[in-house]
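The structure under discussion appears below in the form of structure tokens.
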Amino acid sequence: MGGKSPFIVLEDAKITDDLIDNAINSAFWNGGQNCSANMRQIIHSKVKDEFLDKVIKKVKALKVGDPLDPTSNMGSMISKKHLETVDSFIQKGIDEGAKLLFGGVSGKEQKGFYAKPTLFDGLKENMTIAQEEIFGPVLGVLTIKDTDEALKVASNSKYGLHASVFTQDIDKAFHLAKSLPCGTVSV
């Protein structure tokens, strides 16, 4: 189990505000400190640019701060040590060649244990941030060309508590739901 669960968007999915809100919430809710977080977002190449444009706009609007402040969208990490762990994963993603689109390593001058909501594109299946549980607000996008590749990429993880599948083709949805090595699958 762990927060590396797949979030799959197939080529026929409509990139609506609802889908984007699901993408953001499934990765950043509770600062990504969630066992069923969908941090590996597996997006078909046909819709990836539209998906990323909309995700970036919403991630930029997230307010990180005191969780008791009703205007905050995301609170802090559980401890300084955990923030340092999250930051080390972000740096590892950069070092391994993932494309940092937003966020990054937290600043030394900040007060508190607030990780930046971070978005990567260009993940490869074997990258550390695509395989290891970060348990922080780090969303990574892997690009696929078809349903078979989506299943292959989604299955390439030792974690699989919860998967999400977005498609208009109910047969593809049921095929993935039956084939994914996950405890639950939302369609």
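Among residues of segment 74-95 that are within 14 Å of Glu132 (Cβ to Cβ), none has a beta-carbon under 6 Å from a residue that is open to solvent by 60 Å² or more (accessible area, probe 1.4 Å) at least six positions away or on a different chain. Scanning segment 150-162 turns up one or more residues that are open to solvent by less than 40 Å² (accessible area, probe 1.4 Å) and within 28 Å of Ser72 (Cα to Cα). Screening Pro70 on (1) without any contact (Cβ under 8 Å) to a residue 12 or more places away in the chain; (2) assigned to a helix (DSSP H, G or I) shows it passes everything except condition (2).
The set of residues from segment 10-34 being within 22 Å of Leu151 (Cα to Cα) and either within 12 Å of the chain's Cα centre (by Cα) or part of a helix (DSSP H, G or I) (or both) comprises Leu19, Ile20, Asn22, Ala23, Ile24, Ser26, Ala27. For Gly104, the stated conditions hold: it is open to solvent by less than 60 Å² (accessible area, probe 1.4 Å), under 15 Å from Ile90 (Cα atoms) and not β-branched (Val, Ile, Thr). The condition of being under 20 Å from Trp29 (Cα atoms), open to solvent by 30 Å² or more (accessible area, probe 1.4 Å) and not in a loop (DSSP other than H, G, I, E, B) holds for only one of Val165, Val185, that being Val185. When Met77, Met39 are screened for being within 29 Å of Val187 (Cβ to Cβ), touching a Leu at 6+ places or on another chain (Cβ under 8 Å) and either surrounded by 18 or more Cβ atoms within 10 Å (Cβ to Cβ) or among the small types (Gly, Ala, Ser) (or both), only Met39 passes.
The single condition among (1) buried (at least 22 other Cβ atoms within 10 Å of the Cβ); (2) over 15 Å from Gly103 (Cα atoms) that Val55 does not satisfy is (2). Looking at Asp87, Asp49, which is the one that is open to solvent by less than 40 Å² (accessible area, probe 1.4 Å) and either in contact with a His (Cβ under 8 Å, 6 or more places away or on another chain) or assigned to a helix (DSSP H, G or I) (or both)? Result: Asp87 is the single residue among Asp87, Asp49 that is open to solvent by less than 40 Å² (accessible area, probe 1.4 Å) and either in contact with a His (Cβ under 8 Å, 6 or more places away or on another chain) or assigned to a helix (DSSP H, G or I) (or both).
The values are calculated or read from the model by the stated rules, or taken from the named source; none is laboratory data. Bear in mind the structure is a predicted one, so any value in this text is a computation, not a measurement. Please note: Cβ atoms are built from the backbone with ideal geometry, for glycine as well, and neighbour counts cover all protein chains shown. Each accessible area value is taken on the protein alone, full model and side chains, heavy atoms only, with ligands, DNA and RNA left out. Shrake-Rupley method; radii C 1.70, N 1.55, O 1.52, S 1.80 Å.
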